[in-house]
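A.B. asks: Quick one: this structure, given as structure tokens, is what I'll be asking you about.
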Amino acid sequence: MMHDPKLTADMVPIIKLARLLGFPYSWISAYFNGLNFGRIADVVKGRRFTEIPPAEDLPRDFPKRR
């Protein structure tokens, strides 16, 4: 049985910045090995980890737009 990755505080700044930059949920989910869209939405909509600000930069290995 497959399990979704657990949302951790380390993921939150990247999720917030990626959404601010307009990256789709699917790219964010793929970067975090299948993180559930609902967990991404929890962060984006301010239901979880509200105290954590967006990252200043995306990680080097985050997908790049062409």
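A.B. asks: Which aspartates and glutamates have a Cα lying under 19 Å from the Cα of residue 45, excluding residues fewer than 8 positions away in the same chain?
C.D. replies: Within the straight-line cut-off, residue 45 pairs with 10.
A.B. asks: Report the Rg/Rh value for the chain, based on alpha-carbon coordinates and the Kirkwood definition of Rh.
C.D. replies: The Rg/Rh ratio comes out at 0.94.
A.B. asks: Over the chain, give the accessible area per residue in Å² for a 1.4 Å probe, as an integer.
C.D. replies: About 71 Å² of surface per residue is accessible.
A.B. asks: Between 47, 39, 19, where does the largest GNM mean-square fluctuation fall for the chain, given springs only between Cα atoms within less than 10 Å?
C.D. replies: Taking springs between Cα atoms under 10 Å, the residue moving most is 47.
A.B. asks: Under a cut-off of 17 Å between alpha-carbon atoms, report the lysines in cross-link reach of residue 6, not counting same-chain residues fewer than 8 places apart.
C.D. replies: Output for residue 6: 16.
A.B. asks: Can you tell me the order of 6-14, 55-63 when each peptide is scored by its average per-residue count of other Cβ atoms within 10 angstrom, highest first?
C.D. replies: By packing density, highest mean first, the sequence is 6-14, 55-63.
A.B. asks: Separate question: Share of the chain's accessible area from carbon and sulfur, percent, 1.4 Å?
C.D. replies: Working: 2500 of 4660 Å².
After summing per-atom areas, the C and S share lands at 54 percent.
The values are calculated or read from the model by the stated rules, or taken from the named source; none is laboratory data. Just so you know, these numbers come straight off a predicted model, no measurement behind them. Positions of Cβ are generated from backbone atoms using ideal geometry, with glycine treated the same way; all protein chains shown enter the neighbour counts. Heavy atoms of the whole protein, side chains included, go into the accessibility calculation; ligands, DNA and RNA do not. Shrake-Rupley method; radii C 1.70, N 1.55, O 1.52, S 1.80 Å.
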